[in-house]
Amino acid sequence: MDIHHVGQLLDAPFGPAVTFYEGLGLSLRETTDGPVRVAFFETESAEFHLVVREERGSGADELLDAIGRLSAAHVAFEVDDLAAAIANAADAGLSFLGDPPEEGLGPYRRAFVAPEGHVGIPFEFVEPL
């Protein structure tokens with residue numbers, strides 16, 4: 001398992017936030033459109049995902065609400081076998097947000113662990129598509 005990305009949920013205008021992180025020297029790979037905008041920045045060791053909800057009404061609302069209640073940041077662990085990671089986490093007593101595995105918000109399938117079930121920063125498992 002390796003760190004795939006660190007995500008930052010912002011309540012700020014998308015364009016100026018992207019410009020700010022580009023100004024820090026992060027390399028912008030791509031951005032998404034829609035009610036939830038994501039900017040994908042690349043570093044040598046992991047990605048940084050800047051997430052801005054511009055309006056409610058997307059399938060990500062429940063996930064973003066749950067994350068935002070506890071922390072504006074999360075970490076994603078990249079796994080080779082998402083089904084096995086889900087099973088191992090469930091065996092350890094963890095539950096998930098939504099109905100994993102899910103797709104969307106990035107080029108991967110994901111399973112976001114319910115933050116209420118563990119200590120520390122919210123986290124998810126991702127398997128690249």
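Measuring from a point 7 Å past the Cα of Thr43 along Cα-to-C-beta, which residues in the range 15-36 have an amide N at less than 11 Å?
Residues 26-27 qualify, since their backbone N sits under 11 Å from the label point.
Which residues' amide hydrogens lie under 5 Å from the amide hydrogen of Val36, considering only partners 5 or more residues apart or on another chain, with H built in the peptide plane?
Those qualifying (amide H under 5 Å, at least 5 residues apart or on another chain) are Glu54.
Given H placed on each backbone N at 1.01 Å, which residues far from Glu47 in sequence or on other chains put an amide H within less than 5 Å of it?
It is His5, Val6, by chain and number.
Length gain on complete extension for the stretch Phe20 to Asp81, per 0.36 nm per residue less the alpha carbon to alpha carbon distance?
Computed gain between Phe20 and Asp81 is 18.5 nm.
Using θ = phi - 60° and the Karplus form 6.51 cos²θ - 1.76 cosθ + 1.60, what ³J(HN,Hα) does each residue of the range 81-88 get, whole Hz, x for Gly and Pro?
3J(HN,Hα) across the range 81-88, in whole Hz: 9, 5, 4, 5, 5, 4, 5, 5.
Calculate the spin-label point distance for Leu10 paired with Asn88, positioning each point 7 Å from the Cα along the beta-carbon direction, and give it in nanometres.
Going from the Asn88 label point to the Leu10 one covers 3.3 nm.
Can you tell me the relative contact order of the range 2-128? Whole percent, Cα pairs under 8 Å, sequence separation 6 or more.
Relative contact order, the range 2-128: 25 percent.
Sort largest first and round to whole Å: the equivalent ellipsoid semi-axes of the range 89-129, each the square root of five times a Cα gyration tensor eigenvalue.
Equivalent ellipsoid of the range 89-129: 19, 10, 8 Å, largest first.
Please compute the modelled spin-label separation between Glu116 and Leu28, points set 7 Å along Cα→Cβ, answer in nm with one decimal.
Rounded to a tenth, the inter-label distance reads 3.8 nm.
Exposure proxy check: Val113, Val75 ranked by fewest other beta carbons within 10 Å?
Fewest to most other Cβ atoms nearby, the residues stand as Val75, Val113.
Would you calculate a helix-derived [θ] at 222 nm for the chain, using -39,500 (n - 2.57) for each DSSP H run of n ≥ 4 and dividing by the full residue count, to the nearest 500?
-7000 deg cm²/dmol
To one decimal place, what Kirkwood hydrodynamic radius in Å is obtained for the range 1-68 from all pairs of distinct Cα atoms?
12.5
Give me the Kirkwood hydrodynamic radius of the chain in Å, from all C-alpha pairs, to one decimal place?
Hydrodynamic radius (Kirkwood, Cα pairs) of the chain is 15.0 Å.
Output the antiparallel fraction of DSSP beta bridges having both residues in the chain, as a percent to the nearest 5.
Bridges in the chain are about 70 percent antiparallel.
Bear in mind that the values in this text are calculations on the coordinates, not laboratory data. Just so we're clear, the structure is a prediction, and the values are computed from it rather than from any experiment. A quick note on method: Cβ atoms are made from the backbone with ideal geometry, for glycine too, and the neighbour counts reach across all protein chains shown.
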